[in-house]
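Take a look at the structure below.
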C-alpha cells in the first residue's frame, strides 16, 4: 500500500470498527496475491471502502472519469488505486483499464447490479460482470455487505449508527465457461456473459451474516 492509500485504509477501518461496530466474515477467502474480482452487492456509497478496508491487500476501485479532471481529487483517486470509468461503468476504455489491473495481479471491486439499489433488495445482475470475468483469468469472490442500506441509502442525508457487516464468499473460477467462450458463436458468448453474471449474483444472495 502506498502511504496515502494506507492512511485512508486505516481511517476507514477505525471508523467502521468504532462507529459502526463492524463484523467481517471470511476475509481469508480472498487471495493476498493475483488477480481478484470482488463482486459485491451495492446499496450505499459505504460499500466500496467497507469491502476494501477489511482486506490486507490494496484494492482497485471504480471512479467516475470526470472526477479525474480536478487536480486535487484526481491525485487522491489515483493514490487510492481508482480506475476511471464512464458514469454507467461501461465503455471499451473502462473495460480495458479494469482488465489491465487484473492482468497484472490486482484486485478490483465490481458491482454486478451496476448501480445502487433503491429499496434495499438485491437487483438482477448485468452481463458486464460476466464479460469481465470471462475476459480475465481472475478468481471471482462474491461479497455481500449488510446494514449499509439502512445506514446511508439514496434517501438518507446522514449516516445512521447501524451495525455493518461484510462477508466474503468462496472463490469462483468459471474454467469451463472460459474455455467455451474462446470458440463459441457471438450469440452463445452473450449467453455465457449473462450466465456467469447470474451465477455470481446467486452466490452473493446466498451469503448470510454469520460464520460458515
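Coordinate-derived values only; no laboratory data. Worth saying up front: this structure is predicted, and the values here are computed from it rather than measured. Using ideal geometry, Cβ is built from the backbone for each residue, glycine included, and neighbour counts are taken over all protein chains shown.
Consider the candidate values [x] 156; [y] 111; [z] 121; state which one is volume of the Cα convex hull per residue in Å³ computed from the structure displayed.
Evaluating volume of the Cα convex hull per residue in Å³ on these atoms matches [z].
Using packing as a proxy for protection, rank 104-110, 39-45, 17-23 so that the peptide with the highest average count of other Cβ atoms within 10 Å comes first. Mind dumping the intermediate values first?
Numbers: 104-110: 19.3, 39-45: 24.0, 17-23: 15.6.
Highest-to-lowest ranking by the protection proxy: 39-45, 104-110, 17-23.
Arranged by the count of other C-beta atoms within 10 angstrom, fewest first, what order do 199, 86, 150 take? Walk me through the numbers before you get to the answer.
Details: 199 18, 86 12, 150 15.
By the 10 Å Cβ count, ascending, the order reads 86, 150, 199.
Ignoring everything except DSSP H segments at least 4 long, calculate the 222 nm mean residue ellipticity for the chain; use -39,500 (n - 2.57) per segment, divide by total residues, nearest 500. Walk me through the intermediate numbers first.
Numbers: 8 runs with 84 residues, N = 212.
Value at 222 nm, helices only: -12000 deg cm²/dmol.
Could you give the nm distance between label points at residue 170 and residue 75, where each point is 7 Å from its Cα heading toward the beta carbon?
4.7 nm
Just the number: Rg to Rh for the stretch 130-212, Cα atoms, Kirkwood Rh, two decimals. Before the final figure, lay out each step's value.
On the way: Rg = 16.7 Å, Rh = 14.8 Å.
When Rh is taken as the Kirkwood radius, the ratio is 1.13.
Rank 99, 76, 122 by mean-square fluctuation in a GNM of the chain with C-alpha springs under 10 angstrom and give only the top-ranked residue.
76
How do 180-186, 79-85, 142-148 rank on mean C-beta neighbours within 10 Å, highest first? If you can, show how the numbers build up before the last one.
Details: 180-186: 11.1, 79-85: 19.3, 142-148: 25.0.
The packing order, highest mean first, is 142-148, 79-85, 180-186.
Quick one: Debye curve from the C-alpha atoms of the stretch 38-108, no solvent, what's log10 I(q)/I(0) at q = 0.15, 0.27, 0.28 Å⁻¹?
-0.50, -1.43, -1.45
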